[in-house]
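The values are calculated or read from the model by the stated rules, or taken from the named source; none is laboratory data. What you see is a predicted model, and the numbers here were worked out from it, not measured in a lab. Virtual Cβ from ideal backbone geometry, glycine too; neighbours counted across all protein chains shown.
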Amino acid sequence: MKKILAGALMLLFLLAIVPAGWAGTGEGERAVNPHAFSAVDTAPRLVHLNSGPVSGKVDEGVGLFLGIPYAAPPVGEFRWKPPQKVASWTQVRKSTDFGPSCPQPKQQGTGTFSEDCLYLNVFTPARKAGERLPVMVWIHGGAFNFGSGSQEEYDDRNLARKGVVVVTINYRLGPLGFLVHPLLSRESADGTSGNYGLLDQIAALEWVRRNIAAFGGDPRNVTIFGQSAGSRSVSLLMISPLSAGLFHRAIAESGGPILGSEYLNPGFNGNMANVSKMGRELSSRLGCDKAENVLAAMRARSARDIVAAADCSTSLFDDGLFFAPVFDGRVLPASPLAAYSGGRQHDVPIITGSTLNEGNLYLKDEKDLSVEKYASFLKARFGVNTAEALRMFPADTPQDVAGAIDRVVTAAANACPARFVARSMERRKSRAYLYRFARLPGTPMALRLGVHHGAELAYVFGNTRTSDGYNEVDRELSRKMMDYWVNFAKTGDPNGQGLVRWPGYESPSDLNLEFSDTIGVNENLYQRECDLIGRTPTPY
């Protein structure tokens, strides 16, 4: 009897020292081993969230918890409303597969689509809940109309193995995520509409603050990072009053705070009144504008119908409907230019930069690029400064047009907004680090489009496989880029042992780090181009 009692007491002691949040799932018994993950341990693991328990899996030493809901399905009456609290559950929720992507025009690599899409994924190398590892939250790109946190190119296992907990998220896209309509504004308590996708991102960050410690992450050390529309999201979250305190570092890869978007699509400038016209046009296309209850009629239409009616395009020459964040005075300030220029962005360190050939990706399907078409392209973007822009970005023959547009988009839509954000940080205590990515890999897309928009992603996530066209030079560059990114997530400073020193940004010299065949420090990045763009009137 004494032996049985002693054994029971020992078991109770072992159970008591297991960190909160971690448990085994074998026959419902709590695990007594505090080391939850290891390279050889492939058993599922149980984590207790504030909404209920979830079980994940282990792959090569990284814990994967996929398809976790962070908000209620935005369907029915919740369509075009801020994200609602997710319903709690008591039974273990299996989280070993990605949730569906948000509705969008068909795109490869995004899996199944459903309006019930507010899910996130956690990749953790932690062996116990109390490790307090840095957290990196990835916001995917796709022009605010495409993409998913489950895309293969965002495989986070290699990055997680560097010692960070990585989270990828879905957020509402296109007309379902960013519709502005006067009737939606009227029914809102805040008198605004749109920015539902940004509110989703904020809700995901709130989920991270509440739950990430259970996965071994530190809710007091969160880095948001993203590329393209994800980068623009990062830059916008920097000035959103609703995101204050939810993150502590930021990385913006190829995309500023909407500044520069007018060089991609002049018809979209984030102005509420202008974008509201697009909302009314969508209502008309759906045949709902004459209904007795317009919003009820629109909410009765399927997500597929709404996406099809919007027919959003990312073409540089398309002036159709386009749905993206708006400056509503609530989620975002009325003027991002004034917010950044006045030093009102969150005081957190930031990495920001661009690639060498940002514009070529937008031209891959364009034909008949005449000199006349280029002149119209410039006039729509530079207005009174068109003649000066033509001298800076000349195109004398049709064969020159594609290269000229690539340079315009590279500078105006990406590199100069990055410089603008970096310069604005001189008004804050936190430092900015500016970069340019210029390494040309041997991938089919790079051989066709150069160092294109998104070329750095494989390096940031460590997915430089030989079968895809990468070689050992690429893999070494990838290792160093991941080190810079992870060092930054840990401390707010990307520098570390064995790395070329990356100086903080200084406006007189425009210091920046170039990632190419080698890594080195440059000065005066796109200085003339950015000075011209800075003198060009904007609608903000």
Inset, instruction - With the condition kept exactly as written, say whether any residue in region 266-282 is touching a residue at least 12 places away in the same chain (Cβ under 8 Å), in contact with a Pro (Cβ under 9 Å, 6 or more places away or on another chain), closer than 30 Å to GLY492 by Cβ and assigned to a helix (DSSP H, G or I). - result: no
Legend entry - Selected residue (only one of VAL473, VAL460, VAL451, VAL486 is over 26 Å from the mean Cα position of the chain (by Cα) and hydrophobic (A, V, I, L, M, F, W, C)): VAL473
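Condition check ((1) under 17 Å from the mean Cα position of the chain (by Cα); (2) buried (at least 24 other Cβ atoms within 10 Å of the Cβ); (3) at pLDDT 95 or above) across all residues:
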position: MET136; (1), (2), (3): yes, yes, yes
position: HIS140; (1), (2), (3): yes, yes, yes
position: THR192; (1), (2), (3): no, no, no
position: GLY197; (1), (2), (3): yes, yes, yes
position: GLN201; (1), (2), (3): yes, yes, yes
position: GLU206; (1), (2), (3): yes, no, yes
position: ARG209; (1), (2), (3): no, no, yes
position: VAL222; (1), (2), (3): yes, yes, yes
Legend entry - Leading residue by the ranking (surrounded by the fewest Cβ atoms within 10 Å (Cβ to Cβ)) among those in region 275-292 that are polar (S, T, N, Q) and under 30 Å from the mean Cα position of the chain (by Cα): SER276
Legend entry - Residue match in region 416-430 (condition: surrounded by 21 or more Cβ atoms within 10 Å (Cβ to Cβ) and not in a helix (DSSP H, G or I)): no
Inset, instruction - Starting from residues that are touching a Leu at 6+ places or on another chain (Cβ under 7 Å) and either over 23 Å from GLU514 (Cβ atoms) or aromatic (Phe, Trp, Tyr) (or both), keep the ones in region 335-362 and report whichever is surrounded by the fewest Cβ atoms within 10 Å (Cβ to Cβ). - result: LEU337
Legend entry - Only listed residue being at pLDDT 95 or above, touching a Gly at 6+ places or on another chain (Cβ under 8 Å) and within 24 Å of GLY177 (Cα to Cα), chosen from ARG285, ARG299: ARG299
Inset, instruction - For region 518-538, name all the residues that are surrounded by 12 or more Cβ atoms within 10 Å (Cβ to Cβ) and touching a residue at least 60 places away in the same chain (Cβ under 8 Å). - result: ASN522, LEU525, TYR526, GLU529, CYS530, LEU532, ILE533, GLY534, THR536, THR538
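Okay, residues lined up against (1) in contact (Cβ under 8 Å) with a residue 24 or more places away in the chain; (2) under 20 Å from the mean Cα position of the chain (by Cα); (3) surrounded by fewer than 23 Cβ atoms within 10 Å (Cβ to Cβ):
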position: VAL75; (1), (2), (3): yes, no, yes
position: TRP80; (1), (2), (3): yes, no, no
position: ALA87; (1), (2), (3): yes, no, yes
position: LYS94; (1), (2), (3): yes, no, yes
position: LYS106; (1), (2), (3): no, yes, yes
position: GLU115; (1), (2), (3): yes, yes, yes
position: LEU118; (1), (2), (3): yes, yes, no
position: ASN121; (1), (2), (3): yes, yes, no
position: PRO125; (1), (2), (3): yes, no, yes
Inset, instruction - Return the pairs, sorted by first residue and then second, in which the second residue is aromatic (Phe, Trp, Tyr), the first residue lies in region 349-376 and is closer than 20 Å to ASN414 by Cβ, the beta carbons are less than 7 Å apart, and the residues are 6+ apart or on different chains. - result: ILE351/TYR433; ILE351/TYR435; ILE351/PHE488; GLY353/TYR435; GLY353/PHE437; THR355/PHE437; LEU356/PHE437
